[in-house]
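Working notes, structure below.
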Amino acid sequence: MLTAEPRRVRVARQAEPLMPWRIPNTQRFQWLSVRELLLRERILMVSEYIDDNMANAYLAMLLYLQSEDAKKPVQIYFSSPGAALKPALALYDTIGQLKAKGCKVTTVSYSLCAGMGAFLAAAGSPGRRFATPNSLFLLSKTGQATEIELEAKQMLRESERIEEELSSITGRPMEQIRKDLRRNFYLTAAEAVEYGLIDKVLVPEDDKGSKLDKGTRDPWSGQVVKPEVGFGVFADPDQPRTAV
């Protein structure tokens, strides 16, 4: 729908925000969804469980951006509670295809990224994988019990591939990856950096551009105690922490 002038932000029936976008070289505007506007800036928001339909949609977006300019950077923001195995691997391969052609893929985790969602968040270009301070990662085995019963050999092969890719991404030995994936393995943003899943935690900056102090000040001594980067903990409290 075209209008001469945008008056206010409109909301679609399913509560998806619509924003006015000015058509180039004209005085007319078109209402577009926020996702459409972000896509024009080569930014994707992955904020739901990734099934076949969602993976196809994101895959199509990435292929479109690749056809538009194969080497222009792409940003992907992740807040995914998980993903089906095959669709996630298809999306992972497509991201790899972009990187292989010289595209710098920046990934930003801003909430919970669980299972294959965490795996995809770690698929960005080296040095360009970020997380906000309060984001959380959950590493876990792939596949449901019913799927494993029906396709045990295939699921085992896919699990081994995920372990190999995680080992390559993080630089950690396969033995440790297998051990960590035996139980749900939670990591904070700082722990994910230490583990090798991402590269940096994004923190606010003051007016001078220096990073704000993330530590806590002791009221008696006045000294600032900065938190140490720890390691992920198992969801099962009876399981020990992973030695690094």
> In this structure, is residue 63 modelled with pLDDT of 90 or more, in contact with a Ser or Thr (Cβ under 8 Å, 6 or more places away or on another chain), closer than 17 Å to residue 124 by Cα and loosely packed, with under 14 Cβ neighbours inside 10 Å?
Replying inline: yes
> Out of the range 87-107, which residues are in contact (Cβ under 8 Å) with a residue 60 or more places away in the chain and either surrounded by fewer than 21 Cβ atoms within 10 Å (Cβ to Cβ) or assigned to a loop (DSSP other than H, G, I, E, B) (or both)?
Replying inline: 89, 92
> Filtering the range 81-103 down to residues that are over 18 Å from residue 168 (Cα atoms) and of a type in the set (D, E, K, R), which residue is nearest to the chain's Cα centre (by Cα)?
Replying inline: 86
> Mind checking which residues of the range 108-143 are charged (D, E, K, R) and in a strand (DSSP E or B)?
Replying inline: 129
> Has the range 133-148 got any residue that is in the same structural domain as residue 50 (by TED's automatic domain parsing), without any contact (Cβ under 8 Å) to a residue 12 or more places away in the chain and of a type in the set (Lys, Arg)?
Replying inline: no
>> Can you confirm whether residue 71 is among the charged types (D, E, K, R), assigned by TED's automatic domain parsing to the domain that holds residue 135 and not in a loop (DSSP other than H, G, I, E, B)?
In response: no
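The values are calculated or read from the model by the stated rules, or taken from the named source; none is laboratory data. The structure presented is a predicted model; accordingly, all values stated were derived computationally and were not measured. Reconstructed Cβ throughout: ideal geometry from the backbone, glycine too, with neighbour counts over all protein chains shown.
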